[in-house]
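Participant: Let me begin by handing over the structure; questions about it come next.
Just so it is clear, none of the values below were taken in a lab; they were calculated from the coordinates. If you're wondering where the values come from, they're calculated on a predicted model, not measured in any experiment. With ideal geometry, Cβ positions are generated from the backbone for all residues, glycine too; neighbour counts draw on all protein chains shown.
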Amino acid sequence: MSKKREEKKVFEIKWKTDLPYNWAMGKLSVKFFEELKENKKIMGSKCPKCGKVHMPPRGVCADCLVQMTVDDMVELPPRGTLEGFTVVNYPFVDPNTGGMRPFPYGYAIFKLDGADTYMMHFINETDPSKFKIGQRVEAVFKEKREGNLGDIPYFRIIEEG
Ligand SMILES: [Zn+2]
């Protein structure tokens, strides 16, 4: 025997709410964003035991679990090598603004010179045929920086040589 399901109208209330929050970034991240804002520098952290350079800077080396401090931070050049890429072709909520990010846009994975870890960021190319693994890329800085990742809006492909 089957019981006929009763359809009930769901009672709902719609509203928007602000949800402000703060979090502790840690000393290395604070130093990273201060140097980015004030001096247009990109800082990584170098493990004092194995020498691995982490970018973004990490408080603990993932390989040997040694803790790092701001004294272990090293400046990295704003240039690196492309290791992978994608072109995003669908609407996406931009976590920095809460609005929809215009598309298409390029997103790349690369290693900064002197770093042993990969980082990902926007890149100002949307034609997949223009990307080549091993290409050189360079950070583009905002003139008026605020101390957040938006201070580097994107990387660009450069010719060197
Ligand atoms: Zn290490």
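Participant: Could you tell me whether Gly147 is on the phi > 0 side of the Ramachandran plot, surrounded by 14 or more Cβ atoms within 10 Å (Cβ to Cβ), touching a residue at least 60 places away in the same chain (Cβ under 8 Å) and out of contact with any strand residue (DSSP E or B) (no Cβ under 6 Å at 6 or more places or on another chain)?
Facilitator: On the way: on the phi > 0 side of the Ramachandran plot: yes; surrounded by 14 or more Cβ atoms within 10 Å (Cβ to Cβ): yes; touching a residue at least 60 places away in the same chain (Cβ under 8 Å): yes; out of contact with any strand residue (DSSP E or B) (no Cβ under 6 Å at 6 or more places or on another chain): yes.
Answer is yes for this residue.
Participant: Does Phe141 meet the test of being out of contact with any Cys (no Cβ under 7 Å at 6 or more places or on another chain) and touching a residue at least 24 places away in the same chain (Cβ under 8 Å)?
Facilitator: Spelling it out, Phe141 is indeed out of contact with any Cys (no Cβ under 7 Å at 6 or more places or on another chain) and touching a residue at least 24 places away in the same chain (Cβ under 8 Å).
Participant: Among the residues that make up segment 122-134, is at least one of them surrounded by 12 or more Cβ atoms within 10 Å (Cβ to Cβ), of a type outside the set (D, E, K, R) and within 28 Å of Met25 (Cα to Cα)?
Facilitator: Checked against the condition, which is being surrounded by 12 or more Cβ atoms within 10 Å (Cβ to Cβ), of a type outside the set (D, E, K, R) and within 28 Å of Met25 (Cα to Cα), segment 122-134 yields at least one hit.
Participant: Yes or no: Leu112 surrounded by 11 or more Cβ atoms within 10 Å (Cβ to Cβ) and under 14 Å from the mean Cα position of the chain (by Cα)?
Facilitator: So Leu112 passes the test.
Participant: Can you confirm whether Gly114 is among the small types (Gly, Ala, Ser), in contact with a Gly (Cβ under 9 Å, 6 or more places away or on another chain), under 23 Å from Glu35 (Cβ atoms) and part of a loop (DSSP other than H, G, I, E, B)?
Facilitator: yes
Participant: For segment 19-30, indicate whether the set of residues that are aliphatic (A, V, I, L, M) and on the phi > 0 side of the Ramachandran plot is non-empty.
Facilitator: Within segment 19-30, none of the residues are aliphatic (A, V, I, L, M) and on the phi > 0 side of the Ramachandran plot.
Participant: Determine which member of the set Leu112, Leu82, Leu76 is under 17 Å from Leu28 (Cα atoms) and not acidic (Asp, Glu).
Facilitator: Of the residues listed, the single one that is under 17 Å from Leu28 (Cα atoms) and not acidic (Asp, Glu) is Leu76.
Participant: In segment 1-109, which strands (runs of 3 or more DSSP E) lie fully inside it and hold 2 or more residues that are more than 16 Å from the ligand (Cβ to nearest atom), of a type in the set (A, V, I, L, M) and surrounded by 12 or more Cβ atoms within 10 Å (Cβ to Cβ)?
Facilitator: It comes to 42-46, 79-88.
Participant: Of the residues in segment 39-63, how many are of a type outside the set (Val, Ile, Thr) and touching a residue at least 60 places away in the same chain (Cβ under 8 Å)?
Facilitator: 6
Participant: Could you list all residues from segment 48-64 that are over 23 Å from Asn148 (Cβ atoms) and in contact with a Lys or Arg (Cβ under 9 Å, 6 or more places away or on another chain)?
Facilitator: Selection gives Lys52, Cys61, Ala62, Asp63, Cys64.
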